[in-house]
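The values are calculated or read from the model by the stated rules, or taken from the named source; none is laboratory data. Predicted model only: the values in this text are computed from it and were never measured. Please note: Cβ atoms are built from the backbone with ideal geometry, for glycine as well, and neighbour counts cover all protein chains shown. Please note that ligands, DNA and RNA were not included when accessible areas were found on the heavy atoms of the full protein model with its side chains. Shrake-Rupley method; radii C 1.70, N 1.55, O 1.52, S 1.80 Å.
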Amino acid sequence: MKINGGVRYCELGVRSSIRAMHVATELMGITNENVVGFDKIGYQRKDAVVSSFAEYLGVDGISRNTDEKVGRIMTSEKPLDIALATKGYFQIQTPNGIQLTRDGRFKLDKDGNLLNLEDNKVLSDSGVPIRLHRIPEDVKEVVINKKGLVSVFNKDKRKLEPVAYLGIVDSNGMAVMNPDVKQGFNEYSNVSLQNEFLAVMPTIRNFEANRQMFIMNNTNMQKAISQLGSAS
């Protein structure tokens, strides 16, 4: 007696082609998002992670991974523009909770609170919003050193007075000990347009191949239906 066992999966070629085109479209969408984010400050490139079961799961077999490589750091004319020359994130207090960002374009409100461009408060390493104890006449009086210590210049005493350290953490929420903060700089995306265009070419070819298979299968199905109709 011989027993055969196993798992077999069979489906129509039309359905398989459609699923493969959906996967390719999703991959091209991720690449397009990277290209659009090329000139965005603080944008980090997204990598597509394709499961070995994506052939059967479709777009549900695709996830995203963030490339944490440092982007292009360029000088800025604004003293409150801050860039990180190493991996890490600023912590921002938002209505939806604490969020992480590498966009260090900050500003001060009338009360001396350090805010991002969306008016959300920037957090210190102790988890509380950073607020200057004195309002400077000029933002150039605010000095931030490499370790993220925010200080404000006291004209009367002619010295810098420390305020707080920027709360800089990694993607797991752990404090970054040596953040290498650069005041007066912006970090643009870590996207390479050339690499994006080269990487998307196999995806485009795969999409076109599955499109042709879909057309062929659909044409053959229509012929079969037509012949069955004429035979009856």
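If one takes the longest principal axis of the Cα atoms in the chain, at what angle in degrees, from 0 to 90 and to the nearest 10, does the Cα axis of helix 13-36 lie? Helix 13-36 sits at roughly 20 degrees to that axis.
Of all accessible surface on the chain at a 1.4 Å probe, what whole percent is carbon and sulfur? Walk me through the numbers before you get to the answer.
Values: 7720 of 14570 Å².
The nonpolar share, carbon plus sulfur, comes to 53 percent.
With protein chains left intact and a 1.4 Å probe, residues in region 37-171 average 57 Å² of accessible area per residue.
Taking every DSSP helix (H) stretch of at least 4 residues in the chain, weighting each as -39,500 (n - 2.57) and dividing the sum by the residue count yields a mean residue ellipticity at 222 nm of -10000 deg cm²/dmol. With both labels modelled 7 Å from their Cα along Cα-to-Cβ, the SER226 to PHE197 distance reads 4.2 nm. Highest mobility in the GNM of the chain, judged by mean-square fluctuation with C-alpha springs under 10 Å and restricted to TYR43, TYR56, TYR188, is found for TYR56. Restricting to Cα pairs below 8 Å that are 6+ residues apart, what does the relative contact order work out to for the chain? Please round to a whole percent. RCO, the chain: 26 percent.
Backbone N atoms of region 174-190 closer than 17 Å to the 7 Å Cα→Cβ label point of VAL36 belong to residues 189-190. Kirkwood-type hydrodynamic radius, the chain: 21.7 Å, calculated from all non-identical alpha-carbon pairs. According to the Cα-based calculation, Rg over Rh for region 102-232 is 1.47, with Rh computed by the Kirkwood formula. Stretching LYS78 away from ASN65 to a fully extended chain increases their span by 1.5 nm, per 0.36 nm per residue minus the current alpha-carbon distance. The angle between the Cα long axis of helix 193-231 and the main principal axis of the chain comes to about 30°, on a 0 to 90 degree scale.
Comparing LEU132, PHE153, VAL122 along the charge dipole axis of region 116-159, the residue lying farthest to the positive side is PHE153, per the Cβ-charge model. Between PHE90, PHE207, PHE53, the Gaussian network model of the chain with springs among Cα atoms under 10 angstrom shows the greatest mean-square fluctuation at PHE53.
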